[in-house]
Amino acid sequence: MLIAIPVNNNELDLHFGHCKKFALLKIDLKGKNILSREDIDAPPHQPGLLPSWLAQRGVNMVIAGGMGQRAKDLFDKCNIKVLIGAPQESPEKLVGDYLKGSLKLGENCCDH
């Protein structure tokens, strides 16, 4: 499994569509551990681009602080699961909590 998290200063970037980088974490679901992490530059902001861009890189899931409904719908069409309302933590902490079943999701911080 490959999880994408928008990052800024090694923490979740709450501005998903305008983030500068994504952390891509390769996960072993059976062993419940992180195999690798690669940080990649996000493409220039363009509405509707990120779902297909991340799908082309093999992403299966996105963990985000907030996301608009249109973006979520586009991720659904690309068969990418989206978790919204994640706290500003490091990607490793977020994925570790997800693998343990203890990731606490709050409000969607996006209003569009």
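The values are calculated or read from the model by the stated rules, or taken from the named source; none is laboratory data. Computed from a predicted structure; not experimentally measured. Here the Cβ positions follow ideal geometry from the backbone for every residue, glycine too, while neighbour counts run over all protein chains shown.
Residues in region 81-88 include none that are touching a helix residue (DSSP H, G or I) at 6+ places or on another chain (Cβ under 9 Å), surrounded by fewer than 11 Cβ atoms within 10 Å (Cβ to Cβ) and in contact (Cβ under 8 Å) with a residue 40 or more places away in the chain.
Scanning region 20-33 for residues that are assigned to a loop (DSSP other than H, G, I, E, B) and either under 11 Å from the mean Cα position of the chain (by Cα) or not hydrophobic (A, V, I, L, M, F, W, C) (or both) turns up Lys20, Lys30, Gly31, Lys32.
Just one of (1) surrounded by 13 or more Cβ atoms within 10 Å (Cβ to Cβ); (2) out of contact with any helix residue (DSSP H, G or I) (no Cβ under 9 Å at 6 or more places or on another chain) fails for Ile63. It is (2). Of all residues in region 18-50, those satisfying the criterion of being basic (Lys, Arg) and within 16 Å of Ala64 (Cβ to Cβ) are Lys20, Lys21.
So that you can scan it fast, the table gives a plain yes or no per residue for (1) touching a Ser or Thr at 6+ places or on another chain (Cβ under 9 Å); (2) in a loop (DSSP other than H, G, I, E, B); (3) of a type outside the set (D, E, K, R):
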{"residue": "Glu38", "(1), (2), (3)": "no, no, no"}
{"residue": "Pro47", "(1), (2), (3)": "no, yes, yes"}
{"residue": "Ser52", "(1), (2), (3)": "no, no, yes"}
{"residue": "Val62", "(1), (2), (3)": "no, no, yes"}
{"residue": "Lys72", "(1), (2), (3)": "no, no, no"}
{"residue": "Asp76", "(1), (2), (3)": "no, no, no"}
{"residue": "Leu83", "(1), (2), (3)": "no, no, yes"}
{"residue": "Pro87", "(1), (2), (3)": "no, yes, yes"}
{"residue": "Ser102", "(1), (2), (3)": "no, yes, yes"}
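In the set (1) within 12 Å of the chain's Cα centre (by Cα); (2) at pLDDT 95 or above; (3) not in a helix (DSSP H, G or I), the condition left unmet by Leu14 is number (2). Just one of the listed residues (Ser36, Ser52) is surrounded by fewer than 19 Cβ atoms within 10 Å (Cβ to Cβ), hydroxyl-bearing (Ser, Thr, Tyr) and within 22 Å of Lys100 (Cα to Cα), and it is Ser36.
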